[in-house]
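The values are calculated or read from the model by the stated rules, or taken from the named source; none is laboratory data. All values reported here derive from a predicted model rather than from experimental measurement. In this analysis, Cβ positions are derived from the backbone assuming ideal geometry, glycine residues included, and neighbour counts consider all displayed protein chains. Calculation scope for accessible area: heavy atoms of the full protein, side chains included, ligands and nucleic acids excluded. Shrake-Rupley method; radii C 1.70, N 1.55, O 1.52, S 1.80 Å.
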Amino acid sequence: MKKSEITGTVVARLPAPLGLLGHWVGVAGLALCGLSLPATAADDPYSQETIAKKRYQGVTLNVLTLDTPVLGEPVVLHAKAFERLTGAKVNVTRVPFPEFYQETLLGLRQAKYDALTFGSMWIADVAQYLEPLPKAMLDSPQYRDVLPHYQRVASWGDVAYMVPIDGDRHYLQYRRDLLEDPRYRDEFKRKTGRELAVPKTWPELQEIDRFFHGRKMPDGQTVSGLAEVTVSDALLGNYFIKRAAPYAKHPGVKGGFYFDLKTMQPLVNSPGWVKALEDFVAAQDLYPKGGQSMSFFDAITAFGRGNVVFSDSWDDPFVEAMEPGNPLRNRVAAALSPGSRQVWNRRTGRWDRFPQINYVPYIVYGWTSGVAKTSRHKEAAFDFLGFYANRKNHQADLHVGRFGMNPFRRSDLDERLWIEQGWDPVVARSYVQTLQQQAQSRNRVLDLRIHRGQEYVQILSVGVYRALTGRDTPQAALDEVARRWQQLTERIGVATQREAYRHVVRFEDGE
């Protein structure tokens, strides 16, 4: 295992109460994800009926969003409806993703926009320019329906600055038709002595990958094991963070996953991270043809078209597989991202082994929105963002894969909502239960929501890419990432980054 060689192994029990998913809050805690009664149109200040009573003739709102279709298309769609209902004029500026972060900051600093959509991980850089959510919005049925952890994502410290419009996370997506096929189950049992079941750890997943990889299906299609982003862009870093989490986020060790909060020394080259990168390297022969240069779009289509058994990603591949007319529809299912039975303990410098799986959900990225402090039309701007994400619009957007909108409300975690859209009850149950379990975790990983956090993730992506392509060993690659992270932290200011990172740690440690 090169420099990450296990220095010692101890058997540990997960601190009570700890069950299926990191620090579990118990069965009673699941009630916190219980479904709230939907507000009537009269109760909802952002419903179409209520917004239609507003009179915004003469008001012009300038809105920033991402280029279409993801995020940008629903913004344009709902902006046109808002204009028709209120008489306001909504000018929508759309920019491509490579320019999105810079235009968000520039637009806020130069007072170019009234309302903006942007990446939630940029909060450390943009919070100072945003208007806090008004009490009317915080008290609205719409906002109270937002799951607690997404309310925290929308906040910086104790102040809510962002209007929730999307909820993102990574989770395991799999071909249930293959894993449940009696022929493959019997063959797998003969070859391995184990049952063919949903994998609980990354080694288990990659063992099943190898069992299926290169196998010709009855329809003549050859299936591969897995689809992951492997090109050197920021999303590669996100995919790797999810892999590292169960090895490096110890349920009993608080105070930092990316950094040690006290010292702000990077932890990215510690044995848990290195073990995850070794796993990642070992998976390189399990992808479809061309998989060593797989973009996010490639990963979506590989699973959505049934070319691979597994994806572990945002909702996009799963939603594509479940779109009407897709032959794969209702032949897939969802589960928690794989965990680990061994977790690196940075306090003792040893690996701890657990009788239960250490699952660590990755609450990653997610689009959000906010109103600029400099806006002269704050009420109209908040009304527009509230209207954008009202119950009717939101539930319609959820079922359009190219929009990129995903569940973030209690009312989204209702199996009936998905069954009414044609989902098999088994699929709907697997999806909703996975999201409920993630919502209740108290050992989880968030985006690197510190100043210039996107630069840190890009540095990580470069290091991971060098290891995946054989240019560096996993340890050497992550040593270089840690060195560059340290340099960037010192340039920005250790105290400044520690204060920002403190918010991340509170969330990740379930405080």
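Remark: the chain carries a charge dipole of roughly 900 debye about the Cα centre, counting +1 on each Lys and Arg Cβ and -1 on each Asp and Glu Cβ.
Summarising the amide proton neighbourhood of Gly339: residues at separation of 5 or more, or on other chains, whose placed amide H is nearer than 5 Å comprise Thr201, Trp202.
Rounded to the nearest 5, the antiparallel percentage of DSSP beta bridges internal to the chain is 60%. Solvent-accessible area of Arg483, all protein chains in place: 110 Å² (probe radius 1.4 Å, heavy atoms, ligands and nucleic acids excluded). Each Lys or Arg adds one and each Asp or Glu subtracts one; over the other residues with Cβ under 11 Å from the Cβ of Val309, this totals +2. Distance between the C-alpha centres of segment 324-396 and segment 142-211: 12 Å, rounded to the whole angstrom.
The aspartates and glutamates within cross-link reach of Lys112, meaning a Cα-to-Cα straight distance under 20 Å and a gap of 8 or more places when in the same chain, are Asp67, Glu83, Glu99, Glu103, Asp125, Glu131, Glu379, Asp383.
Computed over the alpha carbons of the chain, Rg followed by Dmax gives 22.7, 73 Å.
Take the Cβ atoms of Gln48 and Arg506, set R0 to 30 Å, and the FRET efficiency comes out at 0.20. Restricting the GluC sites (Glu not before Pro) of segment 366-465 to loop positions (DSSP other than H, G, I, E, B) with no more than 13 neighbouring Cβ atoms within 10 Å leaves Glu420. For the pair Gln284 and Arg429 in one chain, pulling the backbone fully straight at 0.36 nm per residue adds 49.0 nm over the alpha carbon distance. Considering only alpha-carbon pairs that sit under 8 angstrom and 6 or more positions apart, the relative contact order computed for the chain is 26 percent. With helices as the sole contributors, the chain gives -12000 deg cm²/dmol at 222 nm; each DSSP H run of n ≥ 4 counts as -39500 (n - 2.57), and the sum is divided by every residue.
In sequence order, segment 279-286 has phi-based couplings of 4, 4, 4, 5, 8, 5, 8, 9 Hz under the Karplus curve 6.51 cos²θ - 1.76 cosθ + 1.60, θ = phi - 60°, and Gly or Pro positions carry x. Taking a straight line from the alpha carbon of Lys262, these aspartates and glutamates sit under 16 Å away, with near neighbours fewer than eight places off in the same chain left out: Glu490, Glu499, Glu508, Asp509.
Annotation: lysines with alpha-carbon distance below 24 angstrom to Lys53 (same-chain offsets under eight excluded): Lys80, Lys89, Lys135, Lys378, Lys392. Element breakdown for the chain at a 1.4 angstrom probe: carbon and sulfur atoms account for 51% of the accessible area. The charge dipole of segment 338-411, taken about its Cα centre with unit charges on the Cβ atoms of Lys, Arg (+1), Asp and Glu (-1) only, comes to about 300 debye.
Taking Cα centre as origin and charging only the Cβ of basic (Lys, Arg, +1) and acidic (Asp, Glu, -1) residues, the dipole magnitude of segment 408-476 rounds to 320 debye. Considering only Phe408, Phe382, Leu435, and ranking their Cα positions along the charge dipole of segment 370-511 that arises from unit charges at the beta-carbon of Lys, Arg, Asp and Glu, the one farthest toward the positive end is Phe382. Eigen-decomposition of the gyration tensor built on the alpha-carbon atoms of segment 293-416 gives equivalent ellipsoid semi-axes of 33, 25, 15 angstrom, largest listed first.
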